[in-house]
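Participant: One structure coming up, written as structure tokens, with questions to follow.
The values are calculated or read from the model by the stated rules, or taken from the named source; none is laboratory data. In this text the structure is predicted, and so the values were computed from the model without any measurement. Note that we place each Cβ from the backbone using ideal geometry, even for glycine, and neighbour counts take in every protein chain shown. SASA here: full protein model, heavy atoms, side chains in, ligands and nucleic acids out. Shrake-Rupley method; radii C 1.70, N 1.55, O 1.52, S 1.80 Å.
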Amino acid sequence: MFSLILMLVNLPSELDPNGTTLIPSDRIEIAHRNEEVWGQTGHRVVGQIAEAYLSKKAKKEIDRLLEGHSLAFASTIADEIKSDRAYDSFSPWHYVNYEMGGHYNPSNADERGDIVYGIQKSIEVLESKDASDADKRFYLKLLIHFIGDLHQPLHVGWAEDQGGNRIQVNWFSRTSNLHRVWDSDLIDGYNMSYDELAEELVRSTTTEERNELTKGTYLDWVEESHQIVERIYASASSGDRLGYRYTYDFNPLLFEQLAKGGFRLAKVLNELFD
């Protein structure tokens, strides 16, 4: 089901991903038709979890930059701006592809950028003393989203099948693909709101488990997702019909990835703003 929303988006001062000049930005209105496209629910779960673990200092600065909006609210902007051709240069920043069994190699990275570049660039702008608040606001929204994307393993998949988008499957009685199953079908099928699911994942994770999950850097997490995606590729082939058994087998992994994304997003933001 489609919904028409009208929202204010801060247009970044730099639309060239390789640019370095930061200048003031304008605000524009963008009307966007939203599909279930870590679809919205997944990104909001990640944002909601992260919000619960922000330090006081980080929360204060993030509240200022986001003008009072929550991380969950801001978490989907990077997908919503895809409706505007002015933002096309940011599209490759949502994912990275490399061969199974390999490791991320910056020298082989897409010249247009990838999710690693997107995270690095967002952190660079947020750390810059010369960046305007408008630029920091925009790149904060990107960072929130990209950390979420990083934990959807098919955003760190194979190029030849577009991260599972070309693996056509049936989700119960309707046509889908493996990427969409992991972006939205699994989580929407669980039928909990994002705040309900975030609360359940927080309350079921111990402090010791959270500390273990937040070890490493986003480069380590890229490699982790790339290893996990092998299991997902092995879980289905084109033409398969997926349903209750698939949810039974893979909801635990789905929930673990969402929880990791939230706890790790909080870690990244606390390190930036403390």
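Participant: Please indicate, with yes or no, whether at least one residue in the stretch 120-142 is buried (at least 19 other Cβ atoms within 10 Å of the Cβ) and among the acidic types (Asp, Glu).
Facilitator: Within the stretch 120-142, one or more residues are buried (at least 19 other Cβ atoms within 10 Å of the Cβ) and among the acidic types (Asp, Glu).
Participant: Could you list, in sequence order, the residues of the stretch 71-90 that are open to solvent by 30 Å² or more (accessible area, probe 1.4 Å) and either of a type in the set (D, E, K, R) or modelled with pLDDT of 95 or more (or both)? Break it down stepwise before answering.
Facilitator: Initially, the stretch 71-90 is screened for residues open to solvent by 30 Å² or more (accessible area, probe 1.4 Å), giving 73, 82-86, 88-89.
Selection gives PHE73, LYS82, ASP84, ARG85, ALA86, ASP88, SER89.
Participant: When you scan the stretch 234-247, do you find a residue that is within 22 Å of the chain's Cα centre (by Cα) and of a type outside the set (Ser, Thr, Tyr), even just one?
Facilitator: Checked against the condition, which is being within 22 Å of the chain's Cα centre (by Cα) and of a type outside the set (Ser, Thr, Tyr), the stretch 234-247 yields no hits at all.
Participant: Oh, and also: Condition check: at pLDDT below 95, farther than 30 Å from THR206 by Cβ and in contact with a strand residue (DSSP E or B) (Cβ under 7 Å, 6 or more places away or on another chain). Does HIS103 satisfy that? Give the derivation first.
Facilitator: Details: at pLDDT below 95: yes; farther than 30 Å from THR206 by Cβ: yes; in contact with a strand residue (DSSP E or B) (Cβ under 7 Å, 6 or more places away or on another chain): no.
So HIS103 does not fit the description; no.
Participant: Next question, about the same structure. Can you tell me how many residues in the stretch 217-274 are among the small types (Gly, Ala, Ser), closer than 28 Å to SER176 by Cβ and open to solvent by less than 50 Å² (accessible area, probe 1.4 Å)? Spell out the reasoning first.
Facilitator: Initial filter on the stretch 217-274 (among the small types (Gly, Ala, Ser)): 225, 234-239, 243, 259, 261-262, 266.
Subset that is closer than 28 Å to SER176 by Cβ: 225, 234-239, 243, 259, 261-262.
Checking which are open to solvent by less than 50 Å² (accessible area, probe 1.4 Å) leaves us with 225, 235-236, 243, 259, 261-262.
Total meeting the criteria: 7.
Participant: Of the numbered conditions (1) outside any helix (DSSP H, G or I); (2) modelled with pLDDT of 95 or more; (3) among the basic types (Lys, Arg), ARG33 satisfies every one except a single condition; which is it?
Facilitator: (2)
Participant: To continue, here is another question. From the list ARG64, ARG44, pick out the single residue that is open to solvent by 60 Å² or more (accessible area, probe 1.4 Å) and either modelled with pLDDT under 95 or in contact with a Ser or Thr (Cβ under 6 Å, 6 or more places away or on another chain) (or both). Spell out the reasoning first.
Facilitator: Working: ARG64 fails: either modelled with pLDDT under 95 or in contact with a Ser or Thr (Cβ under 6 Å, 6 or more places away or on another chain) (or both).
Answer to the check: ARG44.
Participant: If you don't mind, there's one more thing I want to ask. Listed residues TRP158, TRP171, TRP182; which is surrounded by fewer than 24 Cβ atoms within 10 Å (Cβ to Cβ) and within 20 Å of the chain's Cα centre (by Cα)? Steps first, answer last, please.
Facilitator: Numbers: TRP171 fails: within 20 Å of the chain's Cα centre (by Cα); TRP182 fails: surrounded by fewer than 24 Cβ atoms within 10 Å (Cβ to Cβ).
Being surrounded by fewer than 24 Cβ atoms within 10 Å (Cβ to Cβ) and within 20 Å of the chain's Cα centre (by Cα) holds for just one of TRP158, TRP171, TRP182, which is TRP158.
Participant: Return only the number of the condition from (1) in contact with an Asp or Glu (Cβ under 6 Å, 6 or more places away or on another chain); (2) at pLDDT 95 or above; (3) of a type outside the set (Gly, Ala, Ser) that VAL116 does not satisfy.
Facilitator: Of the numbered conditions (1) in contact with an Asp or Glu (Cβ under 6 Å, 6 or more places away or on another chain); (2) at pLDDT 95 or above; (3) of a type outside the set (Gly, Ala, Ser), the odd one out for VAL116 is (1).
Participant: Suppose we filter TYR190, TYR194 for residues that are open to solvent by 20 Å² or more (accessible area, probe 1.4 Å) and within 19 Å of TYR244 (Cβ to Cβ); which single one remains?
Facilitator: Details: TYR194 fails: within 19 Å of TYR244 (Cβ to Cβ).
Going through TYR190, TYR194 in turn, just one is open to solvent by 20 Å² or more (accessible area, probe 1.4 Å) and within 19 Å of TYR244 (Cβ to Cβ): TYR190.
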